[in-house]
1. Considering only the stretch 34-43, state which residues are part of a strand (DSSP E or B) and under 18 Å from Ser16 (Cβ atoms).
2. Any idea which residue in the stretch 177-190 is nearest to the ligand (Cβ to nearest atom), counting only those that are more than 19 Å from His64 (Cβ to Cβ) and of a type outside the set (A, V, I, L, M, F, W, C)?
3. Pairs needed: first member in the stretch 162-175, not assigned by TED's automatic domain parsing to the domain that holds Thr92; second member anywhere, acidic (Asp, Glu); C-beta distance under 7 Å; at least 6 residues apart or different chains.
4. Taking the stretch 70-83 as the region of interest, how many residues are more than 14 Å from the ligand (Cβ to nearest atom) and closer than 22 Å to Leu184 by Cα?
5. Among the numbered conditions (1) more than 15 Å from the ligand (Cβ to nearest atom); (2) buried (at least 22 other Cβ atoms within 10 Å of the Cβ), tell me where Asn121 comes up short.
6. Among the residues of the stretch 129-144, is there at least one that is part of a loop (DSSP other than H, G, I, E, B), in contact with a Leu (Cβ under 8 Å, 6 or more places away or on another chain) and not acidic (Asp, Glu)?
7. Which of the numbered conditions does Ala40 fail, given that it passes all the others? Conditions: (1) touching a Lys or Arg at 6+ places or on another chain (Cβ under 9 Å); (2) away from the ligand (no atom under 16 Å from the Cβ).
8. Among the residues of the stretch 84-113, write down those that are crowded, with 24+ Cβ neighbours inside 10 Å, closer than 14 Å to Ile189 by Cα and near the ligand (Cβ under 7 Å from one of its atoms).
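The values are calculated or read from the model by the stated rules, or taken from the named source; none is laboratory data. Quick caveat, the model's predicted, so the values are computed rather than measured. Quick reminder, even Gly has a Cβ in these numbers, built from the backbone with ideal geometry, and neighbours come from all protein chains shown.
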Amino acid sequence: MIASLDSDRVAFESLSSDYVRFLEILKANGFEGEICPDYASRTVLATDNSIYQRWPQAVVYPKHSEDLTRITRMAAQVPNRNIVLTARGGGTGTNGQSLTDGIVVDVSRHMNRILEIDVANRRVRVQAGVVKDQLNAALKPHGLFFAPELSTSNRATIGGMISTDASGQGSCEYGKTRHHVLELDTVLIGGEHLHIAAHSAALRKTLPASRQASSGIFTAPPPGLLTSSET
Ligand SMILES: Cc1cc2nc3c(=O)[nH]c(=O)nc-3n(C[C@H](O)[C@H](O)[C@H](O)COP(=O)(O)OP(=O)(O)OC[C@H]3O[C@@H](n4cnc5c(N)ncnc54)[C@H](O)[C@@H]3O)c2cc1C
């Protein structure tokens, strides 16, 4: 049976004191994005494109990777170990992946900039909240496109695509999302940044010709939050 938010109304009203305290400290520590524990924000992000519903304790909209560092560093502190963070992009997942009883970290509102288009090397560097159609609109004048296709391309973000290894029409020819990610800048719980370069030149030579030539994404950071990637 599909859960009903109305039946959880009591749980909503009794917001956990641990989360109230965490959000207050987050604000005091200079988090620059929006912190939204209000009823409307929580209700909107209690659903995605799945059949599931989970009422989060709050939604936060980080302005930049420094905000992600702040929230992940705080979440690692001993009194906050029960705080749950869940990244969210376009919320088009069909399995409830972006739903949580904890805090939704929505990177799609602010962290949605295309940072660099390197036409000569067919690479781009983007923030994780960039939407796939947004990226391809920017690439079109250069005769390029980000190949991994999915039906939700006007909503799904690069961060969500990387997390789910999105694929669809044309993927047998051009590959899945993972075949196009060259580097990732990721913020871990604790606040450390993990920079990953997935394809060495040697490894790329082992790929089919069509994929060797593929363009790549650098997303710039979200827990295990991708902040940016190069695709
Ligand atoms: C009608 C419909 C058609 C679809 N068609 C396809 C299809 O053709 N091919 C396909 O592959 N999928 C398809 N999907 C599924 C969905 O669109 C993809 O999984 C998409 O990649 C999710 O992207 P998103 O930005 O919406 O991520 P969300 O749904 O917001 O999140 C998905 C997961 O990614 C994580 N995540 C999001 N952003 C970040 C980040 N910055 N850092 C770390 N983790 C992050 C979330 O925590 C969650 O676990 C479809 C869904 C629907 C409803």
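1. Residues of the stretch 34-43 part of a strand (DSSP E or B): 34-36.
If the condition is that a residue be part of a strand (DSSP E or B) and under 18 Å from Ser16 (Cβ atoms), then Ile35, Cys36 are the ones that fit.
2. In the first step, residues of the stretch 177-190 are kept if they are more than 19 Å from His64 (Cβ to Cβ); the result is 177-182.
Still in the list and also of a type outside the set (A, V, I, L, M, F, W, C): 177-180.
Numbers: Thr177: 8, Arg178: 11, His179: 13, His180: 13 Å.
Per the stated criteria, the residue is Thr177.
3. Taking only residues 6 or more apart or on different chains, the pairs are Gly168/Glu149; Gln169/Glu149; Gly170/Glu149; Ser171/Glu149.
4. The qualifying residues number 4.
5. (2)
6. Narrowing the stretch 129-144 to residues part of a loop (DSSP other than H, G, I, E, B): 129-130, 143-144.
Still in the list and also in contact with a Leu (Cβ under 8 Å, 6 or more places away or on another chain): none.
No, there is no match, as no residue in the stretch 129-144 is part of a loop (DSSP other than H, G, I, E, B), in contact with a Leu (Cβ under 8 Å, 6 or more places away or on another chain) and not acidic (Asp, Glu).
7. Of (1) touching a Lys or Arg at 6+ places or on another chain (Cβ under 9 Å); (2) away from the ligand (no atom under 16 Å from the Cβ), only one is false for Ala40: (1).
8. The one that is crowded, with 24+ Cβ neighbours inside 10 Å, closer than 14 Å to Ile189 by Cα and near the ligand (Cβ under 7 Å from one of its atoms): Ala87.
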